[in-house]
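Read through the structure below, which is laid out as structure tokens, and then see the notes.
The values are calculated or read from the model by the stated rules, or taken from the named source; none is laboratory data. Fair warning: this is a prediction, and the values are worked out from it, not measured in the lab. In this analysis, Cβ positions are derived from the backbone assuming ideal geometry, glycine residues included, and neighbour counts consider all displayed protein chains.
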Amino acid sequence: MKGFSFPIFKTKSPEGSAVFSLEDPTERKKYFELKAGPEIEKLREFLRENTFVALLLGPKNSGKGTYTKLFMEAVGSEHVAHISVGDLVRDIHKAIGSDEEKKKLLEFLRSRYRGFIEVDKIMDVISGRDKITLLPTEVILALLERKIDEVGRKAVFIDGFPRNLDQVSYSLYFRSLIGYRDDPDFFVFIDVPEAVIDERIKNRVVCPRCQTPRSLRLLRTKNIGYDKATKKFYLICDNIACGGARMVAKEGDELGIEAIRDRIEVDAKVMKTLLNLQGVPQIFLRNSIPVVAAGDVVDQYEITPSYRYEYDAVADSVRVVEEPWTVTDDEGQEAYSLLPAPIGVSLIVQIAKALRL
């Protein structure tokens, strides 16, 4: 992140250690045990009787949901929940199409909501009938409290709060405001170079039939096609049911990060404000490692591979060339982007430390 250097977390194994395929769940399980086995056991023991509140902070497309899922995969999902504020609002918008669900939500808001907008007005905003009024933070807090009640006694990762500077003060007292247990809380800051977000957006494609997302450069399918007319390569969906469908880019993705520039800048302001916070533990996750330091701090297989393609006209086939993905980070340094798994290890180890396990 511009103006702030996140600490580098070392995940490099001793020479001669096993090499893992981090895209394979079975291999990933072995990897987590090797890299963070003691911390995983301590967290499992802690979560049998205790919970925590983690507020995830990072720019759009920074991997907040992905890292939470990896934590749950390694430690166990029975005592942990991921709550996305964006998904929460969208799900409620769909649910109130049912009279029964609408009635339940009205009853909850009338008993638990405290704010300056009438409950009926809130329902108009959620349903979309009122397209001018923004959903107040007090309503977001009430909806979060309702969702936490639904998931039960679990540690929670909150994704998407605080979303703007006006919500920062609410986040400092989040546990008390939602009537949560007196559990430890902490902020998780995620740093991703803008170049990484830009490339992710520009290269992502989706199957027009099953909607499975992939990336031409970063997450390819098994089979690659070549369009002789346009002289461009394309991914072919792996799902047999799709019959070899050509994956396509979403409209507007060619703009890359510029399409979400305003959101990126707001996220950066929120993070910079909270980085100065005292009294609450802070966890730092970084997506990239300077090339000059990579050999000492990460294993080669933890670096994100990128793919380029060469067309053999004689054989009428495509050759795939794999190489480490190199980007220019926000400080102007040449850097490697990391795969999600080593960042998941960093999250596991730092949470164990924050909880003093």
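Beta carbons closer than 8 Å, at least 6 apart along the sequence or on distinct chains, pair a first residue in the stretch 180-202 that is touching a residue at least 60 places away in the same chain (Cβ under 8 Å) and aliphatic (A, V, I, L, M) with a second that is assigned to a loop (DSSP other than H, G, I, E, B) and surrounded by fewer than 19 Cβ atoms within 10 Å (Cβ to Cβ) for VAL192/ASN61; ILE197/LYS60; ILE197/ASN61; ILE201/ASN61.
Matching residues to (1) within 29 Å of LEU22 (Cα to Cα); (2) touching a residue at least 40 places away in the same chain (Cβ under 8 Å):
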site	(1), (2)
VAL248	yes, yes
LEU275	no, yes
GLY295	yes, no
THR304	yes, yes
GLY344	yes, yes
LEU347	yes, yes
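Does ARG200 meet the test of being closer than 30 Å to PRO290 by Cα, part of a helix (DSSP H, G or I) and at pLDDT below 95? Answer is yes for this residue.
Hey, does the stretch 261-274 have a residue that's assigned to a loop (DSSP other than H, G, I, E, B) and under 18 Å from the mean Cα position of the chain (by Cα)?
No, the stretch 261-274 contains no residue that is assigned to a loop (DSSP other than H, G, I, E, B) and under 18 Å from the mean Cα position of the chain (by Cα).
Considering the stretch 133-150, the residues that are at pLDDT 85 or above and among the β-branched types (Val, Ile, Thr) include one that is nearest to GLN167 (Cα to Cα), namely THR137.
Do we find that LEU105 is of a type in the set (A, V, I, L, M, F, W, C), surrounded by 19 or more Cβ atoms within 10 Å (Cβ to Cβ) and touching a helix residue (DSSP H, G or I) at 6+ places or on another chain (Cβ under 9 Å) in this structure?
Details: of a type in the set (A, V, I, L, M, F, W, C): yes; surrounded by 19 or more Cβ atoms within 10 Å (Cβ to Cβ): yes; touching a helix residue (DSSP H, G or I) at 6+ places or on another chain (Cβ under 9 Å): yes.
It is true that LEU105 is of a type in the set (A, V, I, L, M, F, W, C), surrounded by 19 or more Cβ atoms within 10 Å (Cβ to Cβ) and touching a helix residue (DSSP H, G or I) at 6+ places or on another chain (Cβ under 9 Å).
Considering the stretch 164-188, and only residues there that are at pLDDT 85 or above and part of a loop (DSSP other than H, G, I, E, B), the residue that is surrounded by the fewest Cβ atoms within 10 Å (Cβ to Cβ) turns out to be ASN164.
Reported count of residues in the stretch 151-163, each being at pLDDT below 90 and over 17 Å from GLU265 (Cα atoms), is 3. Being out of contact with any Pro (no Cβ under 6 Å at 6 or more places or on another chain), over 30 Å from PRO162 (Cα atoms) and surrounded by 14 or more Cβ atoms within 10 Å (Cβ to Cβ) holds for only one residue in ASP299, ASP253, ASP227, and it is ASP299.
Which residues, counting only those in the stretch 306-323, are touching a residue at least 24 places away in the same chain (Cβ under 8 Å) and either under 23 Å from the mean Cα position of the chain (by Cα) or more than 12 Å from LEU219 (Cα to Cα) (or both)? Result: SER306, TYR307, TYR309, TYR311, VAL318, VAL320.
Against the definition (within 30 Å of ALA259 (Cα to Cα), out of contact with any strand residue (DSSP E or B) (no Cβ under 6 Å at 6 or more places or on another chain) and part of a helix (DSSP H, G or I)), how does TYR67 come out, yes or no? Judged against the criteria, TYR67 is a match.
Looking across the stretch 299-327 at every residue that is of a type outside the set (Phe, Trp, Tyr) and touching a Leu at 6+ places or on another chain (Cβ under 7 Å), the one that is farthest from SER346 (Cα to Cα) is identified as SER306.
Restricting attention to the stretch 16-27, does a residue exist that is free of Cβ contacts under 8 Å to residues at least 60 places away in the same chain, touching a strand residue (DSSP E or B) at 6+ places or on another chain (Cβ under 6 Å) and not acidic (Asp, Glu)? Looking for residues that are free of Cβ contacts under 8 Å to residues at least 60 places away in the same chain, touching a strand residue (DSSP E or B) at 6+ places or on another chain (Cβ under 6 Å) and not acidic (Asp, Glu), one finds none in the stretch 16-27, hence no.
Within the stretch 71-163, which helices (runs of 4 or more DSSP H) (wholly inside it) include 1 or more residues that are touching a residue at least 12 places away in the same chain (Cβ under 8 Å) and under 30 Å from ILE351 (Cβ atoms)?
On the way: elements: 85-95, 99-112, 119-127, 137-151.
By residue number, 85-95, 99-112, 137-151.
In the stretch 291-349, the qualifying residues are those that are outside any helix (DSSP H, G or I) and among the polar types (S, T, N, Q), and the one that is nearest to PRO25 (Cα to Cα) is THR304.
Matching residues to (1) in a loop (DSSP other than H, G, I, E, B); (2) modelled with pLDDT of 95 or more; (3) small (Gly, Ala, Ser); (4) surrounded by 12 or more Cβ atoms within 10 Å (Cβ to Cβ):
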residue: PRO7; (1), (2), (3), (4): yes, no, no, no
residue: SER13; (1), (2), (3), (4): yes, no, yes, yes
residue: ALA18; (1), (2), (3), (4): yes, no, yes, no
residue: LEU22; (1), (2), (3), (4): yes, no, no, yes
residue: PHE32; (1), (2), (3), (4): no, yes, no, yes
residue: ALA36; (1), (2), (3), (4): no, yes, yes, yes
residue: LEU55; (1), (2), (3), (4): no, no, no, yes
residue: PRO59; (1), (2), (3), (4): yes, no, no, yes
